[in-house]
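This report concerns only the one structure given below.
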Amino acid sequence: MTSSLRATLPTLFALLLGYALMQVGNTLQGTLLSVRGSIEQFTPTEIGAVGSAFWGGIVIGSLYAGRVIQQVGHTRTFAALAAVAASTALFHLLVISPAVWIAARALTGFCFAGLFIVVESWLNASVTAQTRGQVLSVYGMTGLIAGIGGQMLLPAGDPYGYRLFCFVAILICLALVPTALSRATAPAHAVSDTKINLMQLYRQSPFGVVAAVLCGVTTSSFFALGPIWAQERGLDTAEIAIFMACGTLGGFATTYPLGWLSDRMDRRHVIIGASAMAAAILLALIHFVPLTVPVWLIFLYVAVFGGSVIPTYSIVTAHVNDMVKPGEFVAAAGGLLILQGVGATVGPIIAGVAMTEFGRLGLLYVVIIAQTLMAIWGAYRSLRRAAPSSEKKETFVPEPSIPVGTQLEAS
């Protein structure tokens, strides 16, 4: 760790702690709503729509929450959005209805997008060109660790009761404390108004544009409906928590190795290999793993799956950065975030319909198709365009688990 990073991290600790608490509450809430929705006899299509609504809210919040920050400032925006998000978590208990839950989850997504923009732009005001990559790495890995912690809280209460919903609200409220008391200086401006041209981005990186959408389809489908798959497979509440945590843990374990590998070869080849592995592991789960298999083997399979799909978006982002001009990094990142959010919005709906029609295997089929398409498209584009030289490649850094419309830029 460099001396400049050691000097920066104490100032950023409060912001990262607040972000971690938000992520713990957010991942717990996502899994909890899936399990509770199944208990309330929501159809997989309805549960998928609830998960989809969160990502729809994330996309809208990424585009418009910055205006709120510009009008009232970072601290007030954070306090207001955290209060709304915590209240909305409890509102799910008051009205058990798919339509109401969809609306509430969309509002939660909007709030979380704004909360993350506050934290990210605050971090941006505290970094230098020398510490940017390292701080972004710490930020991304913090989100993954917090995600594991949120999943493991599921057995702390009965999903049919109220305690877990209270935990979510408490965690979101507690995230206010370190952020509100942080001595880090809030930036004078919110996210800059960067023009995003998706057609230009496609011309610069056809593979990156398509892959970003497919990344969103895959990860959102898994996190929205994976708990339902596990529940229908026969796992109990504690095992569902471990199942979901293993998926995130696998991604945590492979993010840096795959990123390191992508810095040294064509990133598309790394993505093709990871996508092929994800599709293969799910096909094996369908055809070669009987219902009587020990549960630890299921955990191992999902860890390998998570290790294949979770780092992919970060590698896609790095690949696109290799293809665009240095001054276009922020616009390219914003475009990828929109595309990933669109994929994440439609993914759970498609997977939910597939589960309604074909049972629990419908989720796996949707993910297999998405990963296979990514591998095929990557192979095709590799034949059409050579990889950039190593001198033109940007250094890989892991992206946050729920990226929103701001980036850590060199100040």
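The values are calculated or read from the model by the stated rules, or taken from the named source; none is laboratory data. Small disclaimer: the values here were computed from a predicted structure and weren't measured. Using ideal geometry, Cβ is built from the backbone for each residue, glycine included, and neighbour counts are taken over all protein chains shown. Calculation scope for accessible area: heavy atoms of the full protein, side chains included, ligands and nucleic acids excluded. Shrake-Rupley method; radii C 1.70, N 1.55, O 1.52, S 1.80 Å.
Against the list (1) surrounded by fewer than 22 Cβ atoms within 10 Å (Cβ to Cβ); (2) in contact with an Asp or Glu (Cβ under 9 Å, 6 or more places away or on another chain); (3) among the small types (Gly, Ala, Ser), the condition residue 318 fails is (1). Among residues that are touching a helix residue (DSSP H, G or I) at 6+ places or on another chain (Cβ under 9 Å) and without any contact (Cβ under 8 Å) to a residue 40 or more places away in the chain, residue 301 is included. Restricting attention to the range 37-44, does a residue exist that is acidic (Asp, Glu) and in a helix (DSSP H, G or I)? No. Among the conditions (1) assigned to a helix (DSSP H, G or I); (2) touching a residue at least 60 places away in the same chain (Cβ under 8 Å), the only one that residue 369 does not satisfy is (2).
The number of residues in the range 57-88 being open to solvent by less than 20 Å² (accessible area, probe 1.4 Å), of a type in the set (Ser, Thr, Tyr) and at pLDDT 90 or above comes to 1.
Does residue 286 qualify as being among the β-branched types (Val, Ile, Thr), surrounded by fewer than 19 Cβ atoms within 10 Å (Cβ to Cβ) and in a helix (DSSP H, G or I)? Yes; evaluated as a whole, the condition is true for this residue. Mind checking which pairs have a first residue in the range 200-214 that is assigned to a helix (DSSP H, G or I) and a second that is charged (D, E, K, R), Cβ under 7 Å, 6 or more apart or different chains? Final answer for the pair search is 206/381; 207/268; 207/381. Close contacts from the range 61-85, counting a first residue that is in contact (Cβ under 8 Å) with a residue 24 or more places away in the chain and a second that is surrounded by fewer than 24 Cβ atoms within 10 Å (Cβ to Cβ) and among the acidic types (Asp, Glu), with Cβ to Cβ under 9 Å and a gap of 6+ residues or different chains, come to 66/193.
Under the condition of being touching a helix residue (DSSP H, G or I) at 6+ places or on another chain (Cβ under 8 Å) and not in a helix (DSSP H, G or I), the residues counted in the range 265-283 number 1. Please work out which residue is surrounded by the fewest Cβ atoms within 10 Å (Cβ to Cβ), limiting yourself to the range 89-115 and to residues that are assigned to a loop (DSSP other than H, G, I, E, B) and without any contact (Cβ under 8 Å) to a residue 24 or more places away in the chain. Only one residue fits best here, namely 95. Of the residues making up the range 229-241, just one is surrounded by 24 or more Cβ atoms within 10 Å (Cβ to Cβ) and of a type in the set (Val, Ile, Thr), namely 240. Against the conditions (1) free of Cβ contacts under 8 Å to residues at least 40 places away in the same chain; (2) closer than 24 Å to residue 153 by Cβ, residue 53 satisfies every one except (1).
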